1. I'm trying to understand the selection: among the residues of the stretch A:229-261, which are more than 20 Å from the chain's Cα centre (by Cα) and either of a type in the set (A, V, I, L, M) or not in a helix (DSSP H, G or I) (or both)?
2. Scanning for something facing chain A (nearest Cβ under 7 Å) and either open to solvent by less than 10 Å² (accessible area, probe 1.4 Å) or not in a loop (DSSP other than H, G, I, E, B) (or both), does the stretch B:45-59 turn up at least one residue?
3. Mind telling me which of the residues A:Asp284, A:Asp297 ends up being acidic (Asp, Glu) and under 12 Å from the mean Cα position of the chain (by Cα)?
4. Are there helices (runs of 4 or more DSSP H) fully within the stretch A:44-119 with at least 1 residues that are open to solvent by less than 70 Å² (accessible area, probe 1.4 Å) and of a type in the set (Val, Ile, Thr)? List them.
5. For the stretch A:311-327, does any single residue satisfy the condition of being away from chain B (no Cβ under 14 Å), outside any helix (DSSP H, G or I), of a type outside the set (Gly, Ala, Ser) and free of Cβ contacts under 8 Å to residues at least 40 places away in the same chain?
6. Identify, from the list A:Glu332, A:Glu357, the residue that is within 14 Å of another protein chain (Cβ to nearest Cβ), surrounded by fewer than 20 Cβ atoms within 10 Å (Cβ to Cβ) and in contact (Cβ under 8 Å) with a residue 24 or more places away in the chain.
7. Tell me which residues, restricted to the stretch A:189-208, are touching a residue at least 60 places away in the same chain (Cβ under 8 Å) and under 35 Å from the mean Cα position of the chain (by Cα).
Amino acid sequence: MTPTRETFGNIPLSSQLAFYALAAASMAVFAWGVYRRWKLWRLGTSINARDLITGSLAAVWQKIRGGAKRVAVDAGAQKRVFGHGIGTFAHVSMYVGFMALFVGTVLLEADNVLSHIHHALKFHEGAYYVAYEFTLDVLGLLFLLGTLFFLGRRLVKPPALGHRATDWYVLLGFLAIGVTGYIVEALRILWQQPTGIGAHCSPVGLWLAGVLHLDVAAARSSHFLVWWIHSFLVFGFIASIPFTRLFHFVAGPMHIFLAKNVLGAMPPVTMEEVEATGRVGPADIRHFSQQQLLSLDACMECGRCEEVCPAFATAKPLSPKRVVQDLKGAMEKTAAALAAGKEADVPPLHGTVIAPETLWSCTACSACVNTCPVRIDQLTFILTLRRHLVAEGALSGTAATALRRMQSNSNPWGLPAAERTNWTDALTPKS
Amino acid sequence: MSTPADLPAAPTVKENPSFEILYWVGCAASYDRRAQRIARAMVRLLRHAGVNFAILGKEEKCTGDSARRLGDEFLFQELATANIETLNKYNVKRIVAHCPHCVNALLKDYAQFGGHYEVVHHTQLLAELISAGKLPAVAGASAPAAAGAVTYHDPCYLARVNGIHEAPREVLNTAIGGQSLCEMKRNRANTSCCGAGGGRMWMEEDPKQRVSTQRAGEALATGAKTVATGCPFCLTMMSDGVAANGGEARVLDIAELLVERLGLNPPAAPANNAPATS
């Protein structure tokens, strides 16, 4: 007999219809959640996203090629996640397991739809079925392994890592999804009683079936119940994505696509811009670009930027992660104020959201930008925010003196140009 | 490509209009007594290798790196525009600078304002000259460049921001003649800052919170007797940091170490103590 299994086996039609209704509902909640964040990013100055998709096919590819490559390498191959010891291992395990289960579910549904169109289009059988079941069965363990590590890390709480109550919900939810998935499989094996390769291609499920050891009737009724529990958990998870840390599934790749960070480069300001806007540098959140605002939502608070920051390491009032999180808070407050029609409640960034001392603590060493897995440019936030302070005359002390000297003598030492070559005298000792 | 003998040791673009490479000295080596020694070492090396170079002299202005990163964009643009005009007037194509902040500004900041040049860090040019056999050791070279262990502090604007970390090591390997380098845990692209970037060079720092103290501590922990750097800001900060740690290690630019190794130091000591202007 060709190894296969019935999609929605043991599930009555009424439950199948309810399943699809709930799937649609959870995706609607997901879409609404994404839309809410997207509206926040729209507060920023335009990045002309429309330009990306205009022109011939070749022209469009030319424009999106860099971004597509970044998404493939940084997100797809997890390149920027590497270099962080066991944390990297856990993230990659979870990611590989999750993606396998996600792609597997999509393929399963594709098979289901195709087999309804024509029986001959069904592909979930034979050698494909064996490879599919085996791959998902084994990679599901990676997913659980990664989840368990991250649960453990929530208990240990490394100082650089951000913590939210929803993190527990997310990770325990993942654990429950993984475990109920295996139980559903084991119960299915118990009532379906596959033989030979059809059973052995699911080694974890087969092992669990042996442990559960139920008769066919008990397995059928428990299978139906646990299948529903598993489905509810999955729909809950889909609906939760935009409201928890899981949102990095969406914002991370989007930001990696748009972020063309070049270390050591800064965006210029023109006099025309200053005349048109009446200010230098950002003063409220709307003065950042939409891409920059999206980057605030891409932040997972993994704390890698904080760990490498020399200012943070020497107890100065700067953490690049804190800057990003504070700006994110300002974005939310600004949106709320504008929605309520209270322009006066829009928080000014300087002083209120970010203290000047925080901005002056930065050495522009670029370590934070270089290490961020989702390519957030903390440095450009900090350095452009400084522009506003300087324009307002808020810089004093020795640094202000250096700037004045650069203005008057074209060098920060404030010495005359005529003395620039004095160092050469010692090269030709007078005899 | 040798410099005619009748030209000054460091000819200006006016004195040597047929120069092939412009040596961008930068403000630190122009005015800071300690950093001036890097420029003199560079000139000795360039002349020894027979490089046809020139400096801008009093026509050089600050690149504006600190101004831009401190947030004074228009002061930066003023300086950048003036420098680009000067560089274009003398038809400069290739620039060597020993300051990573100058390298980054000339390369990345100036490109935004129409200044496009081939910019190399001095360690890149020196590595090139060494591999071309143009910097041979003088017979009976005076002294081994570095006694005891040597470590190298990667400047962030060189190693991380511009990806230049192998050239300094190649030059250093020649300069310390077969000794192996003691690497700090954080090196190359993962280097830690000296604390002077982003305009912090011009700010006062609480002695208890100095980045330089922490970083120099890491350097001294390798057991190094010599801390090599490739940036005049790092040189200042690491020197302060070594002192703050109560360390004895010498802090030197790679070019200075190479000069020692090749025995290119002037024979008479007083030459090094020429009146400085700072």
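1. The answer is A:Ile229, A:Leu233.
2. Yes, there is a match, as at least one residue in the stretch B:45-59 is facing chain A (nearest Cβ under 7 Å) and either open to solvent by less than 10 Å² (accessible area, probe 1.4 Å) or not in a loop (DSSP other than H, G, I, E, B) (or both).
3. None of the others qualify; the one that does is A:Asp297.
4. A:57-70, A:85-117
5. no
6. Of the residues listed, the single one that is within 14 Å of another protein chain (Cβ to nearest Cβ), surrounded by fewer than 20 Cβ atoms within 10 Å (Cβ to Cβ) and in contact (Cβ under 8 Å) with a residue 24 or more places away in the chain is A:Glu357.
7. Across the stretch A:189-208, the qualifying residues are A:Cys201, A:Ser202, A:Pro203, A:Val204, A:Gly205.
For every residue, the table says whether it meets (1) part of a loop (DSSP other than H, G, I, E, B); (2) at pLDDT 95 or above; (3) under 17 Å from B:Gly195 (Cα atoms).
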| position | (1), (2), (3) |
| --- | --- |
| B:Gln214 | no, yes, yes |
| B:Ala224 | yes, yes, no |
| B:Leu235 | no, yes, yes |
| B:Val242 | no, yes, yes |
| B:Gly247 | yes, yes, no |
| B:Val251 | no, yes, yes |
| B:Ala255 | no, yes, no |
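The values are calculated or read from the model by the stated rules, or taken from the named source; none is laboratory data. These numbers come from a predicted model, not from an experiment. Cβ atoms come from the backbone with ideal geometry, glycine included; neighbour counts cover every protein chain shown. In case anyone asks, the SASA skips ligands and DNA or RNA and just uses the protein heavy atoms, side chains included. Shrake-Rupley method; radii C 1.70, N 1.55, O 1.52, S 1.80 Å.
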